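Trainee: Before I ask anything, here is the structure I am working with.
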Amino acid sequence: MQIETAHSPNHDERREEIDMLVLHYTGMEDGESALAHMCNPEAKVSAHYMIWEDGRITRLVDEGRRAWHAGVASWQGDCDLNSRSIGIEIVNGGHNVPLDDGSPPPYAEAQIHALILLSKRTISRYGIPQTRIVGHSDIAPDRKDDPGEHFPWARLAAEGIGLYPEADEDADGTSVLPGDRGMLVDSLQRSLIAIGYGLEATGEFDEATAHAVNAFQRRFLPQRLGRHGDALTLAHIAKVQAAFSGVSSGSSTSSG
Ligand SMILES: [Zn+2]
């Protein structure tokens, strides 16, 4: 794995040990624009690595430093995620630079191959738990959509990078919608919180819950994105929660 170097000034001192991997798309016209943006001191954003469409990897910030990629975020009760994570930006226009039909452009094969190598190295180097490999939208569901519903999470999981329980075809049962209240909403919220999403168990399908459900679908059930708490989404949230709780924290030995 060959790594080129660029220098972003946008970093400071870590305050925690590294125990997370956060994946992003750049959401810009091309890699050159994204790199220039992350190297601009006025932008105040960066990442440790950026992966180009052709699989080249550029390091912008030393791993020992705190790169500025997560912003206001939370996961499994932690908040200063920049201090705890390695951040990887993958060059992809995403929702900001869609194809003619409005869909986000697919990730390039060489790029995903490079991402798999870099992620494996990072996970083993820091012993990152499987439940702490996340997308930006997981940790900031009210603000972020990246790396997007088109990101190949299942393929990464097959390589031991993150958990991705297989979804059932369909499910019977009650659905919940924004504005609903009650036990079912409360249990949905508690499951999302147990997975890691930052929200409160209010018993009401409020805006924060809607954002978290969307983020969950984007990551684990893209075919149901925007379908609120339909029966399959509720069933799959429970399934993912079970998978997450079956992984002992501090271990990175799961096969995913
Ligand atoms: Zn991002």
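Trainee: Suppose the filter is basic (Lys, Arg), within 20 Å of residue 135 (Cβ to Cβ) and touching a residue at least 60 places away in the same chain (Cβ under 8 Å); does residue 66 pass it?
Mentor: When the stated conditions are applied, residue 66 does not pass them.
The rows are residues; the columns are (1) modelled with pLDDT of 95 or more; (2) more than 22 Å from the chain's Cα centre (by Cα); (3) open to solvent by less than 60 Å² (accessible area, probe 1.4 Å); (4) more than 17 Å from residue 224 (Cα to Cα).
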residue	(1), (2), (3), (4)
144	yes, no, no, yes
154	yes, no, yes, no
159	yes, no, no, yes
162	yes, no, yes, yes
170	no, yes, no, no
177	yes, yes, no, no
191	yes, no, yes, yes
209	yes, no, yes, no
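Trainee: Can you tell me which residues in region 84-100 are within 13 Å of the ligand (Cβ to nearest atom) and not small (Gly, Ala, Ser)?
Mentor: Within region 84-100, 88, 89, 90, 91, 92, 95, 96 meet the criteria.
Trainee: Spot the failing condition for residue 37; the list is (1) surrounded by 21 or more Cβ atoms within 10 Å (Cβ to Cβ); (2) within 14 Å of the ligand (Cβ to nearest atom), and only one is missed.
Mentor: Here residue 37 meets the rest and fails (1).
Trainee: Just name the residue that is nearest to the chain's Cα centre (by Cα) out of those in region 59-83 that are within 15 Å of the ligand (Cβ to nearest atom), under 26 Å from residue 2 (Cβ atoms) and assigned to a loop (DSSP other than H, G, I, E, B).
Mentor: My answer is 69.
Trainee: I'd like to know if region 110-118 contains one or more residues that are in contact (Cβ under 8 Å) with a residue 40 or more places away in the chain, open to solvent by less than 20 Å² (accessible area, probe 1.4 Å) and assigned to a loop (DSSP other than H, G, I, E, B). Outline the logic, then answer.
Mentor: Here is the first cut: in region 110-118, the residues in contact (Cβ under 8 Å) with a residue 40 or more places away in the chain are 110-118.
If we keep only those that are open to solvent by less than 20 Å² (accessible area, probe 1.4 Å) too, we end up with 111-112, 114-116, 118.
Then drop every residue that is not assigned to a loop (DSSP other than H, G, I, E, B), which leaves none.
For region 110-118, residues in contact (Cβ under 8 Å) with a residue 40 or more places away in the chain, open to solvent by less than 20 Å² (accessible area, probe 1.4 Å) and assigned to a loop (DSSP other than H, G, I, E, B): absent.
To keep it simple, each residue is scored yes or no on (1) assigned by TED's automatic domain parsing to the domain that holds residue 61; (2) closer than 22 Å to residue 75 by Cβ; (3) without any contact (Cβ under 8 Å) to a residue 40 or more places away in the chain.
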{"position": "7", "(1), (2), (3)": "yes, no, no"}
{"position": "12", "(1), (2), (3)": "yes, yes, no"}
{"position": "18", "(1), (2), (3)": "yes, yes, no"}
{"position": "23", "(1), (2), (3)": "yes, yes, no"}
{"position": "27", "(1), (2), (3)": "yes, yes, no"}
{"position": "35", "(1), (2), (3)": "yes, no, yes"}
{"position": "39", "(1), (2), (3)": "yes, no, yes"}
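The values are calculated or read from the model by the stated rules, or taken from the named source; none is laboratory data. Computed from a prediction, not measured in an experiment: that's the story for all the values here. Here Cβ is always computed from backbone atoms with ideal geometry, including for glycine, and neighbour counts include all displayed protein chains. Just so you know, the surface numbers come from the protein's heavy atoms only, side chains and all, with ligands and any DNA or RNA stripped out. Shrake-Rupley method; radii C 1.70, N 1.55, O 1.52, S 1.80 Å.
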